Amino acid sequence: MSVWVNGTVVERIDWNDKLFTLKVEADTDPFVAGQFTKLGLEQEGERLQRAYSYVNAPSQQPLEFLAVAVEDGSLSPRLQDLHPGDQLMVAKRATGFMVLDEVPAGRDMWMLATGTAVGPFLSMLRSDDTWEQFETFNLVYAVRELRDMAYLEEIRALEAARPEQFRFVPVVSRESIDGMLQGRIPELISQGKIQEYADTPITPSRSQVMICGNPDMIRDTVAVLEGMKLRKNLRRTPGQITMEKYW
Ligand SMILES: Cc1cc2nc3c(=O)[nH]c(=O)nc-3n(C[C@H](O)[C@H](O)[C@H](O)COP(=O)(O)OP(=O)(O)OC[C@H]3O[C@@H](n4cnc5c(N)ncnc54)[C@H](O)[C@@H]3O)c2cc1C
């Protein structure tokens, strides 16, 4: 059973009409970058609750969550109705194994995200100690349209601040945007386009890959990576692929 604490929305950012960030003040336990907690709202005496990844670094306050209002979704449209000053429930303890401590050593870290799943990677990239763990960090962020790409300015600033260590590979599936790749992550990896864009190969000896978000993308990407001889990272048999499905 989760222990819940009260949270207060202190800020919200609307990236488009469905995609939003909530910044929340709540007295939760410490977490590790990449982990998620649960957000909840009372409805007719029952608590509606879902998992949401922390976007803030563990050292940062307030807590920050990136969410999309899913059409006909139970909780997410109600979260989108919240404004500064409104209350919600936050599970005190965070969980999740998509964290750098669970990943074996390697040269290049790949972070593959669809949509809101960029959040846990931002939490890692906002943490200073992350940068000591791999020589390069390659963030692949796939959305349908450019307007769905949250935090673009912050990611571009990171690129400028760490040109040797950080590469950003923006992917848009439904629009052709200058300087961005078009398509889906699995096909773009099997065609070598993502590796070419980042100027970094993906191989079992030098790569570690974290994949987060849409389960179809994860399934198809794992199949492509396994075809390239990468293996799932399990506690008993360490490999190169660590993942977290959002549904
Ligand atoms: C470990 C974990 C971490 C998560 N972190 C986040 C997060 O940081 N931000 C976030 O927005 N969601 C996140 N989710 C998904 C979130 O928990 C909810 O499922 C989502 O907000 C929909 O809830 P709902 O009650 O509105 O929809 P429901 O009525 O429960 O409908 C669920 C359906 O919504 C769709 N869906 C769910 N999540 C998403 C999504 N993120 N993007 C697009 N479609 C989606 C799927 O089709 C799914 O079948 C996470 C899920 C898990 C398991």
Open item on the list: As an exercise: evaluate residue 105 against (1) within 14 Å of the ligand (Cβ to nearest atom); (2) in the same structural domain as residue 239 (by TED's automatic domain parsing); (3) open to solvent by 10 Å² or more (accessible area, probe 1.4 Å) and give the number of the one condition it does not meet.
Closed with: (1)
Task: Residues satisfying the stated conditions in the stretch 199-247, i.e. over 17 Å from the mean Cα position of the chain (by Cα), crowded, with 19+ Cβ neighbours inside 10 Å and closer than 22 Å to residue 115 by Cα - done: 225
Task: Given (1) open to solvent by 50 Å² or more (accessible area, probe 1.4 Å); (2) within 26 Å of residue 95 (Cβ to Cβ), index of the condition residue 151 fails - done: (1)
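Would you mind stating whether residue 163 is surrounded by 14 or more Cβ atoms within 10 Å (Cβ to Cβ), away from the ligand (no atom under 16 Å from the Cβ) and not assigned by TED's automatic domain parsing to the domain that holds residue 67? Steps first, please.
On the way: surrounded by 14 or more Cβ atoms within 10 Å (Cβ to Cβ): no; away from the ligand (no atom under 16 Å from the Cβ): yes; not assigned by TED's automatic domain parsing to the domain that holds residue 67: yes.
So residue 163 does not fit the description; no.
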TODO: Evaluate the following for residue 38: is it of a type in the set (D, E, K, R), under 18 Å from the mean Cα position of the chain (by Cα), within 14 Å of the ligand (Cβ to nearest atom) and over 26 Å from residue 155 (Cβ atoms)?
DONE: yes
Open item on the list: Please verify whether residue 23 is touching a residue at least 12 places away in the same chain (Cβ under 8 Å), of a type in the set (Lys, Arg) and open to solvent by less than 50 Å² (accessible area, probe 1.4 Å), treating the condition exactly as stated.
Closed with: yes
- [ ] Just give me the residues in the stretch 55-78 being within 8 Å of the ligand (Cβ to nearest atom) and of a type outside the set (D, E, K, R), in sequence order.
- [x] 55, 65, 66, 67, 68, 69, 70, 73, 74, 75, 76, 77
- [ ] State which residue pairs qualify: first residue more than 19 Å from residue 8 (Cα to Cα) and inside the stretch 61-76, second residue within 6 Å of the ligand (Cβ to nearest atom) and among the basic types (Lys, Arg) in any location, beta carbons under 9 Å apart, and separation of 6 or more residues or different chains.
- [x] 73/50; 74/50
- [ ] Specify the residue that is surrounded by the most Cβ atoms within 10 Å (Cβ to Cβ); the eligible residues are those in the stretch 108-148 that are without any contact (Cβ under 8 Å) to a residue 40 or more places away in the chain, within 14 Å of the ligand (Cβ to nearest atom) and under 13 Å from the mean Cα position of the chain (by Cα).
- [x] 141
TODO: Quick one: in the stretch 79-99, of everything that is surrounded by fewer than 19 Cβ atoms within 10 Å (Cβ to Cβ) and over 22 Å from residue 3 (Cβ atoms), which residue is nearest to the ligand (Cβ to nearest atom)?
DONE: 81
Open item on the list: Suppose the filter is open to solvent by 10 Å² or more (accessible area, probe 1.4 Å), more than 13 Å from the ligand (Cβ to nearest atom), of a type outside the set (Ser, Thr, Tyr) and free of Cβ contacts under 8 Å to residues at least 60 places away in the same chain; does residue 45 pass it?
Closed with: yes
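The values are calculated or read from the model by the stated rules, or taken from the named source; none is laboratory data. Computed from a predicted model, the values in this text were never measured in an experiment. Cβ coordinates were reconstructed from backbone atoms using ideal geometry, including for glycine residues, and neighbour counts include every protein chain displayed. Note: accessible area is taken over every heavy atom of the protein model, side chains too, but ligands, DNA and RNA are not part of it. Shrake-Rupley method; radii C 1.70, N 1.55, O 1.52, S 1.80 Å.
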